[in-house]
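Have a look at the structure below, then the notes.
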Amino acid sequence: MFFHIVLERNMQLHPRYFGRNLRDNLVSKLMKDVEGTCSGRHGFVVAVTGIEHIGKGLIRDGTGFVTFPIKYQCVVFRPFKGEILEAFVTMVNKMGFFAEAGPVQIFVSNHLIPDDMEFQSGDMPNYTTSDGSVKIQKDSEVRLKIIGTRVDATEIFCIGTIKDDFLGVINDPTTA
Amino acid sequence: MSGEEEENAAELKIGDEFLKAKCLMNCEVSLILEHKYEQLQQTSEDPMNQVSQVFEKSLQYVKRFSRYKNPDAVRQVREILSRYQLAEFELCVLGNLCPETVEEAIAMVPSIKTRGRAHDDEAIEKMLNDLSLIKRFE
């Protein structure tokens, strides 16, 4: 789910940026620094949308750098266990399939794909029901439930399932 | 990490910080990101180079999975859903997935039935009807 939240950060600014454009410099450095980053607590920072408050700068002893505490609003994407969302399939293999929902990758293992769907290899590997009515392949859109998340330094990785009511393919690229 | 273990969106356990935060539906994120992208286009020649991969992927994703395209409809969806005493998170899941039946809505947002709120099937049905009306007249 996407959220609009307020975060805080202490920004260090080199003295060469001091002057009329100090604020602009500070804001553009903030965007460069935080956009695209990911933390386990807040998820992926997608975009800074506004600055709430810039505190008084504090000159650091020994260097000329000044530290500014900044409160800023941003759009973040944070997946939660138990959350249901839509994603598109990026890769299918006999272990299961990978899907993407925004910046996050979700793996659905073949144990978590309904039992009546079987893996078909070929140049377009896919999972298909025995009557061929439902097919999951690259670029299919699926609705899935996140059942686990793993956080590492720069990424959040999710495990999902489509073995539940109202989950599964919502749009097949071949029939659409 | 103990807090991490307990999180469960189905029971609305998403941590205090996010529970109080403003959730965004995909269609809202799409409006925000596109606006930002347009601004970037005006200031630099190659905006795709300026944005992070996270931004790019999110924009693609929300464009693909937005149920409502026009800004007025987006506003209406939020307005209508906010009449039903939903938590922000529940509101956005409903707005994103647009369930068609009461059963589906409860499967998508199990917490809707708990917490002692007066959400009987009729109320949910009415809510879903209102939602589908917006879609139809968009």
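The values are calculated or read from the model by the stated rules, or taken from the named source; none is laboratory data. Everything numeric in this text was worked out from a predicted model, so none of it was measured. Glycine gets a Cβ as well: all are built from the backbone with ideal geometry, and neighbour counts include every protein chain shown.
When we screen A:ILE5, A:ILE70 for residues that are touching a residue at least 60 places away in the same chain (Cβ under 8 Å), at the interface with another protein chain (Cβ under 8 Å from one of its Cβ atoms) and not aromatic (Phe, Trp, Tyr), the only hit is A:ILE5. Being without any contact (Cβ under 8 Å) to a residue 12 or more places away in the chain and either within 30 Å of A:THR37 (Cβ to Cβ) or touching a helix residue (DSSP H, G or I) at 6+ places or on another chain (Cβ under 8 Å) (or both) is the requirement here; does B:LYS63 meet it? Here the answer is no, as B:LYS63 does not meet what is asked. So, in segment A:7-37, of the ones that are of a type in the set (Lys, Arg) and in a helix (DSSP H, G or I), which residue ends up nearest to the chain's Cα centre (by Cα)? The selected residue is A:LYS32. Pairs meeting the criteria (first residue in segment A:41-66 and at positive phi, second residue hydrophobic (A, V, I, L, M, F, W, C) and part of a strand (DSSP E or B), beta carbons under 8 Å, at least 6 apart or on different chains) are A:GLY43/A:PHE3; A:GLY43/A:VAL76; A:GLY43/A:PHE77; A:GLY43/A:ILE156.
A single member of A:ASP24, A:ASP61 is among the charged types (D, E, K, R), outside the structural domain of A:ILE147 (by TED's automatic domain parsing) and within 27 Å of B:SER44 (Cα to Cα), and it is A:ASP24.
Select from segment A:142-171 the residues that are at the interface with chain B (Cβ under 9 Å from one of its Cβ atoms) and either part of a loop (DSSP other than H, G, I, E, B) or closer than 11 Å to A:ILE106 by Cβ (or both) and list them in ascending order. Matches in segment A:142-171: A:LYS145, A:ILE146, A:THR149, A:ASP164, A:ASP165, A:PHE166, A:LEU167.
Going by what's in this entry, would A:LYS81 be described as touching a helix residue (DSSP H, G or I) at 6+ places or on another chain (Cβ under 9 Å), of a type in the set (Lys, Arg) and within 14 Å of chain B (Cβ to nearest Cβ)? Taking the combined requirement at face value, the residue satisfies it.
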